[in-house]
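Chemist: Take this structure first; my questions come after.
The values are calculated or read from the model by the stated rules, or taken from the named source; none is laboratory data. Given the structure is predicted, the values throughout are model-derived calculations rather than measurements. Using ideal geometry, Cβ is built from the backbone for each residue, glycine included, and neighbour counts are taken over all protein chains shown. Side chains are part of the model used for accessible areas, which takes the heavy atoms of the whole protein and leaves out ligands, DNA and RNA. Shrake-Rupley method; radii C 1.70, N 1.55, O 1.52, S 1.80 Å.
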Amino acid sequence: MTDTHVVIIGAGLAGLGAAAACRDAGRRAVVLEASGRVGGRAWTDHPKALGGVWFDMGAVWFHDAEHNPMVPIAQAAGDTLLRSDEIRKERTFIGDRIATEAELNAYAQAWPHYEAAAESIIAAEGDVPLAEVTRRLSDDPWAATIEAWEGPVICAVDADRFSTLDWRRNALGGSNLVPDGGIGAFVQRRLTSGLDIRLHTPVVRVRWGGPNGQVIVETASGSITAEACIVTVSTGVLGSGSLVFDPALPASVTEAVHALPMGLAMKVALRATGPDRLDLPLHCSVDRILERQGEALMPFQCWPFGRDYVQGWIGGSVAWDLAKAGEAAAVDYALSYLRRAFGGRVDGLFAGGASLVTHWDADPWVRGAYCYAIPGSALARDRLAEPVADGHLMFAGEACHIGFAGTVAGAWISGQSAATQALAAIGG
Ligand SMILES: Cc1cc2nc3c(=O)[nH]c(=O)nc-3n(C[C@H](O)[C@H](O)[C@H](O)COP(=O)(O)OP(=O)(O)OC[C@H]3O[C@@H](n4cnc5c(N)ncnc54)[C@H](O)[C@@H]3O)c2cc1C
């Protein structure tokens, strides 16, 4: 006797994708979620510090909108998708001045050159740390900045720890859309219908490999027996040991988890105390050309959607250090970064104003922003997605997708794929 066909651990995008696939196949699924809300790293809040406007603490964009499965769902429901790329303005600084048109052209052209160099190194030598690509381009004045974007900023990891192959396998193209009202709100509104989700129910132990592949999942409020289990928690949670597997997981799974550690990305939002807008247009991205490899890059989105705050983004080891140092240190860091472009004017504008710092490092149910593959281990994503116990135990989530790794879309697709495999395993 089982309580349900499939038990799913986690109500983030992967868990919801898996549950939706079970629902659509007419099979019973129970989703157990440790926290008090669905969405996981897709979380829209209305922080008082920012005047109560919607603010995505984690994911913001539907990347590669032309291929993103969230886009047709939003469109079918009549949701407004904000064309963030089209309304965005850009300012790129070199030192304390704005880059010239010629410099911007050269910077734009350096990007495909960097990507091509990475691909030819992989083809000739196999995987290398991303930092190695930059070292090979030591004459290229833009390479350090591109490395900082692709490593710490976008992938939340320093380039010397990051697999170039993982980067190339998951490089996203296309446009970026923002669901009006926030991604977390979209997820709650559009992706939970008809699902059996139990909040405040952390799973402490998964007893797998029972008769006919049966799995017993233990929580503080009791156990659930299922024919299959889909685990969608982050690799940070899996690596922490807070979720016990009995028997222990096969080495192929634990090795994959260790090869996919969590990176950290931190958002620091500063609300203006006056009308000054730093001579920037609304919805303006502020970028900086770095002088040397390894220097930290903190790009800012200024006055997003016409709002009265700027939002800095820092990733990799600087983000982990600031997370340890505390919110005041993160705010100081953001202010000093802004001062390099705008001088003392930022002190007048933001001094005493409200601020917000995100803390994905401190969320015990996530433990970072999203994972990356260490050099030489890009295939760990494929291995983590492989069926265990003939498909009665599956892993899913942003870590398990290739192409959309580290994104909402990747988590959703991987959850759906894990459910398809689990349902095939249980048959009937
Ligand atoms: C700052 C930031 C910015 C981002 N920006 C973007 C973006 O713009 N676009 C994009 O596509 N992606 C973005 N992402 C990534 C995206 O949010 C994630 O890839 C995706 O949401 C992960 O979904 P998931 O289901 O794999 O994991 P999660 O969302 O982590 O879901 C796992 C769930 O499991 C729960 N859980 C953990 N342990 C247990 C347990 N023991 N028992 C029960 N439940 C448990 C957690 O509470 C969580 O709800 C961003 C992420 C961050 C942090």
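Chemist: How much area per residue is accessible in the stretch 272-428 when the probe is 1.4 Å and only protein heavy atoms are counted (Å²)?
Modeler: Result: 37 Å² of accessible area for each residue.
Chemist: If you don't mind, another one. Would you check the accessible area of ARG23, probe 1.4 Å, heavy atoms only, in square angstrom rounded to 10?
Modeler: 100 Å²
Chemist: In addition: What are the membrane-span-like helices in the chain by this rule: whole DSSP H runs, Cα extent along the axis at least 24 Å, mean Kyte-Doolittle hydropathy at least 0.0?
Modeler: Those that pass (Cα extent of 24 Å or more, hydropathy at least 0.0) are 408-426.
Chemist: Give me the 1.4 Å probe accessible area per residue for the stretch 150-263, excluding ligands and nucleic acids, in Å².
Modeler: With all protein chains present, the stretch 150-263 gives 39 Å² per residue.
Chemist: Distance in nm between label sites at ARG190 and ARG205, each 7 Å beyond Cα in the beta-carbon direction?
Modeler: 4.1 nm
Chemist: Heads up, I need the accessible area for TYR370: 1.4 angstrom probe, whole protein in place, Å², nearest 10.
Modeler: 50 Å²
Chemist: Here's something else I'd like to know. Determine, from the Cβ-Cβ distance of LEU282 and GLU66 and an R0 of 25 Å, the FRET efficiency 1/(1 + (r/R0)^6), rounded to the nearest 0.05.
Modeler: Computed FRET efficiency for LEU282 and GLU66: 0.45.
Chemist: Loop-only chymotrypsin sites (Phe, Trp or Tyr not before Pro) in the stretch 32-75, please: DSSP not H, G, I, E or B, and at most 10 other Cβ atoms within 10 Å.
Modeler: Answer by residue number: there is no such site.
Chemist: With the radius of gyration and the Kirkwood radius both derived from the Cα set of the chain, what is their ratio Rg to Rh?
Modeler: Value, to two decimals: 0.98.
Chemist: Could you give the length gained on full extension between ALA325 and ARG339, defined as 0.36 nm per residue of separation minus the Cα-Cα distance, in nm?
Modeler: 3.0 nm
Chemist: What is the Cα centroid distance between the stretch 314-365 and the stretch 285-299, reported in whole angstrom?
Modeler: Rounded to whole Å, the Cα centres lie 15 Å apart.
Chemist: On full extension of the chain, what length is gained from ALA106 through ARG83, given 0.36 nm per residue of separation minus the C-alpha to C-alpha distance?
Modeler: Between ALA106 and ARG83, full extension yields an extra 5.7 nm.
Chemist: If we count every other residue with Cβ under 12 angstrom of ASP287's Cβ, Lys/Arg +1 and Asp/Glu -1, where does the sum land?
Modeler: +2
Chemist: Follow-up. Counting only protein heavy atoms and using a 1.4 Å probe, what share of the accessible area of the stretch 302-428 belongs to carbon plus sulfur, as a whole percent?
Modeler: For the stretch 302-428, the apolar C and S fraction of the accessible surface comes to 56 percent.
Chemist: Would you calculate the separation in nanometres between label points at ALA116 and GLN75, each defined as 7 Å from the Cα along the Cα-to-beta-carbon direction?
Modeler: Once both label points are built, they end up 3.3 nm from each other.
Chemist: Give, as a single signed number, the net charge of other residues whose beta carbon lies under 11 Å from the beta carbon of ASP246, with Lys and Arg counted +1 and Asp and Glu -1.
Modeler: +1
Chemist: Right, something else. Treat every Asp and Glu Cβ in the chain as -1 and every Lys and Arg Cβ as +1, leave all other atoms uncharged, and give the resulting dipole magnitude about the Cα centre to the nearest 20 debye.
Modeler: The calculated dipole for the chain is roughly 1020 debye.
Chemist: Just tell me which lysines come within less than 27 Å, Cα to Cα, of LYS324; anything on the same chain fewer than 8 places away is out.
Modeler: Result set, ordered by chain and number: LYS48, LYS267.
Chemist: Next question. Would you mind classifying the stretch 62-169 by shape? Square roots of the alpha carbon gyration tensor eigenvalues, ordered a ≥ b ≥ c; an a/c under 1.5 is rounded, otherwise it is prolate if a/b is larger than b/c and oblate if not.
Modeler: Because a/c hits 1.5 or more and a/b fails to exceed b/c, the stretch 62-169 counts as oblate.
Chemist: Taking 0.36 nm per residue of separation and subtracting the Cα-Cα distance, what length does fully extending ALA49 through ALA25 add?
Modeler: 4.3 nm
Chemist: Apply the a/c threshold of 1.5 to the C-alpha gyration tensor of the stretch 92-223 and tell me whether it is rounded, prolate or oblate.
Modeler: Prolate shape, in that a/c is at least 1.5 and a/b is the bigger ratio.
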